[in-house]
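I have placed the structure first, in the form of structure tokens, so that the comments after it can refer back to it.
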């Protein structure tokens, strides 16, 4: 079976499992597990906190061993095991520990999957990557939309919170199936260079890589908090849980074709251009949400979520692939996820929570939108094009 087909199936199953877990885990903690708000917040914070070490750590291991596919297999099976163990944890300390175990694997599996996909499809370039990665969004969409209906039918209307117990077995089943598919993936070509001990330090000496890390960190600082507290914002403007669900479906529908054709965007705008477009779309979206009062304005701009994801996540990953040595790609992708999703996400969530408590539910959207807009204006000076870097190297 062609590698592209296997990778498409892997992404579909992996993000399908995430679609049953991520949108409902915080609700499970407060409604089914009986944790307080502070305890639930601490558990949610464990996922990115563990990722600070797990993401670059696993990337470094893969580069040192010279096989990203084998590392992906281990991470996939480990994440499936984490989903199996988590519902058996009872009480705050046990749930905290079980979530940390899950995060050891699940936080690193996405950047590793990106590195593996780009490696196995290097002959197709970013075009093949976009088409394959889009199947992950399809899987996420189907499970985030379908699980509530299936769970409601299984649990009955008398006890809707009992349906949350289905989150973990379904997530485990999808992730285990993804792990099984990873066993069929071909290993990288013979002669794939391995990173020597301490080679990760070379990344810190590469100006474009360090600069894109700074850019992504700032972008997540302004843009992650508003999406984390999006349900709070929707409730503040008079929406319901059903409104949040419908908006998520709307956001994901546009993301699918955008990710699928991100290769064409990369060819047209380059990694830096995609990154700027993604951040700009997030800035415009949250500024509208922060200042508009009519749902006729707020609802349509949620479609920009797909542009934001494609530009910020895909664009940054493709830029990193263009500016780092092949033997350090897994380490670089892990570091990119660590700085953005983990460090930037933690700081952004804390800041957004403070703004909601002291200013109001629309404050994260307002601050995030303005801050992201200022970052877009700074990108031409902050991040060089890869081709400019090459010209400067040749001239030197």
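When you go through (1) under 30 Å from residue 274 (Cα atoms); (2) surrounded by 24 or more Cβ atoms within 10 Å (Cβ to Cβ) one by one for residue 122, which number turns out not to apply?
All conditions pass for residue 122, except number (2).
In region 347-360, which residues are surrounded by 18 or more Cβ atoms within 10 Å (Cβ to Cβ) and farther than 19 Å from residue 308 by Cβ?
If the condition is that a residue be surrounded by 18 or more Cβ atoms within 10 Å (Cβ to Cβ) and farther than 19 Å from residue 308 by Cβ, then 355, 356 are the ones that fit.
Could you check residue 352 against (1) over 24 Å from residue 52 (Cβ atoms); (2) in contact with a helix residue (DSSP H, G or I) (Cβ under 7 Å, 6 or more places away or on another chain) and say which number it fails?
It fails just one condition, (1).
Of the residues 368, 353, which is closer than 18 Å to residue 227 by Cβ, in a helix (DSSP H, G or I) and modelled with pLDDT under 80?
Of the residues listed, the single one that is closer than 18 Å to residue 227 by Cβ, in a helix (DSSP H, G or I) and modelled with pLDDT under 80 is 353.
Quick check: is even one residue across region 303-324 over 20 Å from the mean Cα position of the chain (by Cα), crowded, with 18+ Cβ neighbours inside 10 Å, in contact (Cβ under 8 Å) with a residue 24 or more places away in the chain and not in a helix (DSSP H, G or I)?
Scanning region 303-324 turns up at least one residue that is over 20 Å from the mean Cα position of the chain (by Cα), crowded, with 18+ Cβ neighbours inside 10 Å, in contact (Cβ under 8 Å) with a residue 24 or more places away in the chain and not in a helix (DSSP H, G or I).
Anything in region 216-246 that is at pLDDT below 80 and under 20 Å from the mean Cα position of the chain (by Cα)? List them, or say none.
Listed by number, the residues that qualify are 228, 229, 230, 231, 244, 245.
How about region 120-215: which helices (runs of 4 or more DSSP H) wholly inside it have at least 3 residues that are at pLDDT below 85?
125-155, 201-204
Out of curiosity, is residue 21 over 18 Å from residue 89 (Cβ atoms), crowded, with 22+ Cβ neighbours inside 10 Å and not assigned by TED's automatic domain parsing to the domain that holds residue 357?
Against the criterion (over 18 Å from residue 89 (Cβ atoms), crowded, with 22+ Cβ neighbours inside 10 Å and not assigned by TED's automatic domain parsing to the domain that holds residue 357), residue 21 does not qualify.
For the condition outside the structural domain of residue 314 (by TED's automatic domain parsing), under 27 Å from residue 145 (Cβ atoms) and within 18 Å of the chain's Cα centre (by Cα), what is the one hit in 59, 51?
51
Please go through region 282-302 and pick out each residue that is part of a helix (DSSP H, G or I) and closer than 27 Å to residue 271 by Cβ.
Step one: of region 282-302, the residues part of a helix (DSSP H, G or I) are 282-291, 295-301.
Across region 282-302, the qualifying residues are 282, 283, 284, 285, 286, 287, 288, 301.
The values are calculated or read from the model by the stated rules, or taken from the named source; none is laboratory data. Note that the coordinates shown come from a computational prediction; the quantities given were computed from them, not determined experimentally. We place every Cβ from the backbone using ideal geometry, glycine too, and count neighbours over all the protein chains shown.
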